[in-house]
Amino acid sequence: MNVGGIVFLCIFFGIVGFLIFLAIWGSRKDKNKRQREVVKRKKDDNLSKVKHIELYLKLYFLIEDLEKRIKFFDPLTGIYSIGDINRNFSQAILEIKNSADLKDVFLFEERKDEFKPIVDELSSIRPTKWESESIFAVNIIKAKSQFIVKDPKNIEYVKIAKEWVKNKAKKE
């Protein structure tokens, strides 16, 4: 072989070696990127699931508190009016609707599709009319929340939601 042939072979095998190196390096880089995405997706899913449970419980205890206030409402005592009830519970729903927790729930489309119509419906109706005009949303919240409350793993979330509703009631 002459010198030109050897140089050609060295350049050829150098280029082939470099291409093989790039292919291996690129596949490892893609694999690491996919692994990071899977870990991030699991983390986001856990966060979304937790916030989903907390928001259902907040709505559930908010509805329970509203039902209790309406049941024991006495206009003669003058402690608070129906307008006060509507205003305070509407503010609570708007707070939920604008919260970062709701945005965390919306990380996953299926949870967004499940939860967004409920929150939109409750925010568009006066709270004192939820039981009569928003039966579907209220029943979904009650059914899912009663299931969540029965699970002993969710005791901490129940406490958080009850405390949140209790703080909303104090503002009244």
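Neighbour counting of Cβ atoms within 10 Å sorts the residues 29, 58, fewest neighbours leading, into 29, 58. On the principal axes of its alpha-carbon atoms, segment 18-102 has extents of 87, 17, 10 Å, going from largest to smallest. For the chain, the longest principal axis of the Cα atoms and the long axis of helix 109-124 meet at an angle of about 30 degrees. Fewest-first ordering of 57, 9 by other beta carbons within 10 Å of each residue's beta carbon gives 9, 57. In this structure, the residue pairs whose Cα-Cα separation is over 22 Å, taken from 49/71; 43/150; 51/153, are 49/71; 43/150. Charge tally around residue 29: other residues with Cβ under 15 Å, Lys/Arg +1 each, Asp/Glu -1 each, net +3.
The charge dipole of segment 48-170, taken about the Cα centre with unit charges on the Cβ atoms of Lys, Arg (+1) and Asp, Glu (-1), comes to about 300 debye, rounded to the nearest 20.
Local charge for residue 145 was computed over the other residues whose Cβ lies under 10 Å away, with Lys and Arg +1 and Asp and Glu -1, and equals +3.
Given the C-alpha centroids of segment 32-96 and segment 106-124, what is the distance between them in whole angstrom? Spelled out, the Cα-based centre of one part sits 12 Å from the other.
Most mobile of 38, 158, 16 per a Gaussian network model of the chain (Cα springs, under 10 Å)? Result for the chain, Cα springs under 10 Å: 16 fluctuates most. Averaging the sequence gap over all C-alpha pairs within less than 8 Å and six or more residues apart, then dividing by the number of residues, gives segment 59-172 a relative contact order of 36 percent. Highest GNM mean-square fluctuation among 40, 116, 103, for the chain modelled with Cα contacts below 10 Å: 40.
Counting only alpha carbon atoms, the long axis of helix 135-150 and the longest principal axis of the chain meet at about 70°.
Taken together, the values in this text are just the output of simple stated rules run on the coordinates, not laboratory data. All of these numbers come straight from a predicted model, not from anything done at the bench. So basically every Cβ, Gly included, is an ideal-geometry build from the backbone, and we count neighbours across all protein chains shown.
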